[in-house]
1. Order of 40-47, 151-158, 71-78, 13-20 by packing, highest average Cβ count within 10 Å first?
2. Counting only residues 5 or more places away or on other chains, whose amide H sits under 5 Å from the amide H of L89 once H atoms are built in the peptide plane?
3. For the chain, what does the helix formula give at 222 nm: sum of -39500 (n - 2.57) over DSSP H segments with n ≥ 4, over the residue count, nearest 500 deg cm²/dmol?
4. By the gyration tensor of its Cα atoms, with a ≥ b ≥ c the square roots of the eigenvalues, what is the shape of the range 115-159: rounded for a/c under 1.5, prolate for a/b over b/c, or oblate?
5. Using the Cα centre of the chain as origin and beta-carbon charges of +1 (Lys, Arg) and -1 (Asp, Glu), tell me which of A84, G64, L6 is placed farthest towards the positive end of the dipole.
6. Give me the orientation-averaged projected area of the Cα convex hull of the chain, in nm², one decimal.
7. Which ³J(HN,Hα) values, rounded to whole Hz and listed in residue order, are derived for the range 38-50 from phi using the Karplus coefficients 6.51, -1.76 and 1.60 in 6.51 cos²θ - 1.76 cosθ + 1.60 with θ = phi - 60°, glycine and proline given as x?
8. Regarding the range 41-135, what are the three Cα extents along the principal axes, ordered largest first, in Å?
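Please treat every number below as a calculation from the coordinates, not as lab data. Note that the coordinates shown come from a computational prediction; the quantities given were computed from them, not determined experimentally. Cβ atoms come from the backbone with ideal geometry, glycine included; neighbour counts cover every protein chain shown.
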Amino acid sequence: MTLETLGNALLILVAIGWIGVRQMTWRPVSIGRMWRMPAIFGIVGLVMIVQTTKPTALTALDLGVLVVELVISLGIGAWMGAIAHFRPLPEPIDIGKDRREVATYESRTGAWGLVLWVLVIVVRVGIDVLAGMAGSHLAASTGVILLMLAANRAARTAVFASRLGRHAAVTV
């Protein structure tokens, strides 16, 4: 087992635990804050891919696997956003350090969100194994894992923003 494989396994375990807890608990919703994690993970993932992969070493298989994984991550993230439950907070709360971010709703996806999150991980590992057996070197990289997390969270946030926008329009 290589150091990168151990690092990936640790990253996966930490991500499952951290996001799993967040799926099960009610949390104030701030769309602006929700965009930060996918942006950071996406940028770090892309930088890691660029630093560790030579453009000439990329194959059609690598790019195909990347596209398939992105589509799956985006789809499951959108599904997570669609099944989320919202409830209004009794009073708006300030959640930003500068007091400019105010949450009026809280949300959670519950057990189904946790199931979907585990599905993301299982699909990711399955594709990684199959792609590795087929000769893809990019699929196993930490950068791709971060990019998939970013895609999942970005799709979820986009659906949240859309749903909350429609809800606000109805309640006004």
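1. 151-158, 71-78, 40-47, 13-20
2. So L89 has HN proximity to Y105, E106.
3. Values: 6 runs with 122 residues, N = 172.
Computed mean residue ellipticity for the chain: -24500 deg cm²/dmol.
4. Note, shape of the range 115-159 comes out oblate.
5. A84
6. That works out to 11.1 nm².
7. Whole-Hz 3J(HN,Hα) from phi for the range 38-50: x, 5, 5, 4, x, 5, 4, x, 5, 4, 5, 5, 5.
8. In descending order, the Cα extents are 55, 32, 14 Å.
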